Every structure is written in C-alpha cells, then in structure tokens.
Amino acid sequence: MRITSGKLKNRIILSREGRDTRPTLERVKESIFSILFDKIENANFLDLYSGTGNMSFEALSRGARRAIMIEKDTDALKVIIDNVQRLGLEDQCRAYKNNVLRAIEILENKKEKFDIIFMDPPYRENLTKKTVEKISLCNILSDDGVIICEHGKYEKMEDTIGEYVKSDEREYNRKIVTFYKKRKW
C-alpha cells in the first residue's frame, strides 16, 4: 500500500499481516480524495477505526493540517505508530487506542472540531449509523465539514442521521462510500 499523491507520494504504508485490517483500496482512496480536493488543504482530519492510518497519511500528504486516528486494536495501533514515525509525521498527527464511540465523547469534551471525518468500521458489526449518530450528538464536525463512511453493501445508510444529510453515495463492488454534511435549516 502506498500514498498516491502529494508531498509523500509513493511512500509505502505498512499494514498488518492477515485479514484483520482492510485498508481502503487505492482506487477508492483516489476517488474519495478527488471528491474532497477543495476541502483537504489545512483541514483537521479525524480517522475513526483507522486500521493502518492509510487515509490520514493520504490527507496529510495532500495538505491537511493535522490528523487524529482512533483505533482500539493494539496490534493495528502499533502499525499506525510505526507508519507515523517512518513517514516523519509526529508533529502533525496523533494515534489513540480507544473505543471509537468513547473517543468521540472525549473529543467533544476537548472541544475538538474536524473538517473531515472518515470512518471505515468493521463491516460485520454495523457500526456506521451508530457512529454518525454519536458524531451528531457530540457535535465534533465543523459547520462546513463532511463525514465519509466506507461500509459494506448490506449496510444501508439513511438519508438523514441526526443533524446530517446524505450528500453523495458511491458504490465500489462490495463497498459503498456515503458522504454526509450538516443539514442547512
């Protein structure tokens, strides 16, 4: 796996052995960042269920100001930290071991706001809607921010979740990427 664009283009991102981590495919990643091209510069990026940190590293390479990665699996977190050090991104990102729903509450308590929130939860656990609901409840998305949800085909996402409305949806074989923005009243 590699970074596809920006100042770190073609740098390798390490991944854990086995099938416990599913990094976002390169063509899906390219598509997402093409959609986000005007939002990425100086953005605060939150990567939930971050796996390898792949999406955060791509965001930083393309001009995001900082990235926060949340991952509860200890082995995956070790890979993320190794990638941070290898890529020299210690000043721009942090990785935390925590349950994502609990981490969102902590970020709310710290009064954090993010321009882009990406999530790729384990497909079999149907966590996508619950996570978007928690983000809405805790209000950690900036007013003009976007939530990007990568999820399995069988997990249908509603048009409205909390204060967010679906703004786009793309299908890539067995995965779907759904975008949410704050509802304009």
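The values are calculated or read from the model by the stated rules, or taken from the named source; none is laboratory data. These figures come from a predicted structure and were not determined experimentally. Please note: Cβ atoms are built from the backbone with ideal geometry, for glycine as well, and neighbour counts cover all protein chains shown. Ligands, DNA and RNA are stripped out before the accessible areas are found, and what is left, the full protein with its side chains, is counted by its heavy atoms. Shrake-Rupley method; radii C 1.70, N 1.55, O 1.52, S 1.80 Å.
The set of residues from the stretch 91-101 being open to solvent by 10 Å² or more (accessible area, probe 1.4 Å) and in a strand (DSSP E or B) comprises 94, 95, 96, 97.
On inspection, residue 136 fails the criterion of being outside any helix (DSSP H, G or I), surrounded by 15 or more Cβ atoms within 10 Å (Cβ to Cβ) and small (Gly, Ala, Ser).
Within the stretch 112-127, residues that are modelled with pLDDT of 90 or more and of a type in the set (Lys, Arg) reach partners that are surrounded by fewer than 17 Cβ atoms within 10 Å (Cβ to Cβ) and assigned to a loop (DSSP other than H, G, I, E, B) with beta carbons closer than 9 Å, at six or more positions or on different chains, in the pairs 113/139.
Residues that are assigned to a strand (DSSP E or B) and of a type in the set (Val, Ile, Thr) within the stretch 66-90 comprise 68, 70, listed in sequence order. Within the stretch 102-115, is even one residue at negative phi, in a helix (DSSP H, G or I), of a type in the set (Asp, Glu) and out of contact with any strand residue (DSSP E or B) (no Cβ under 7 Å at 6 or more places or on another chain)? Scanning the stretch 102-115 turns up at least one residue that is at negative phi, in a helix (DSSP H, G or I), of a type in the set (Asp, Glu) and out of contact with any strand residue (DSSP E or B) (no Cβ under 7 Å at 6 or more places or on another chain).
Got at least one residue in the stretch 61-69 being closer than 22 Å to residue 30 by Cβ and touching a Lys or Arg at 6+ places or on another chain (Cβ under 6 Å)? Scanning the stretch 61-69 turns up at least one residue that is closer than 22 Å to residue 30 by Cβ and touching a Lys or Arg at 6+ places or on another chain (Cβ under 6 Å).
One line per residue, one yes/no per condition, for (1) out of contact with any strand residue (DSSP E or B) (no Cβ under 7 Å at 6 or more places or on another chain); (2) acidic (Asp, Glu); (3) farther than 20 Å from residue 41 by Cβ:
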| site | (1), (2), (3) |
| --- | --- |
| 91 | yes, yes, no |
| 130 | yes, no, yes |
| 136 | no, no, yes |
| 141 | no, no, no |
| 170 | no, no, yes |
| 177 | no, no, yes |
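For (1) without any contact (Cβ under 8 Å) to a residue 60 or more places away in the chain; (2) closer than 23 Å to residue 26 by Cα; (3) among the hydrophobic types (A, V, I, L, M, F, W, C); (4) in a strand (DSSP E or B), each residue gets a yes or a no:
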position: 142; (1), (2), (3), (4): no, no, no, yes
position: 150; (1), (2), (3), (4): no, yes, no, yes
position: 154; (1), (2), (3), (4): yes, yes, no, no
position: 158; (1), (2), (3), (4): yes, no, no, no
position: 165; (1), (2), (3), (4): yes, no, yes, yes
position: 169; (1), (2), (3), (4): yes, yes, no, yes
position: 176; (1), (2), (3), (4): yes, yes, yes, yes
position: 179; (1), (2), (3), (4): no, yes, yes, yes
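The residues on offer are 27, 2, 66, 62, and the sole one that is touching a strand residue (DSSP E or B) at 6+ places or on another chain (Cβ under 9 Å), open to solvent by 20 Å² or more (accessible area, probe 1.4 Å) and more than 26 Å from residue 174 (Cα to Cα) is 66. The conditions of being in contact with a strand residue (DSSP E or B) (Cβ under 7 Å, 6 or more places away or on another chain) and at pLDDT below 95 are not met by residue 56.
Scanning the stretch 30-59 for residues that are charged (D, E, K, R) and either open to solvent by less than 10 Å² (accessible area, probe 1.4 Å) or not in a loop (DSSP other than H, G, I, E, B) (or both) turns up 30, 47, 58.
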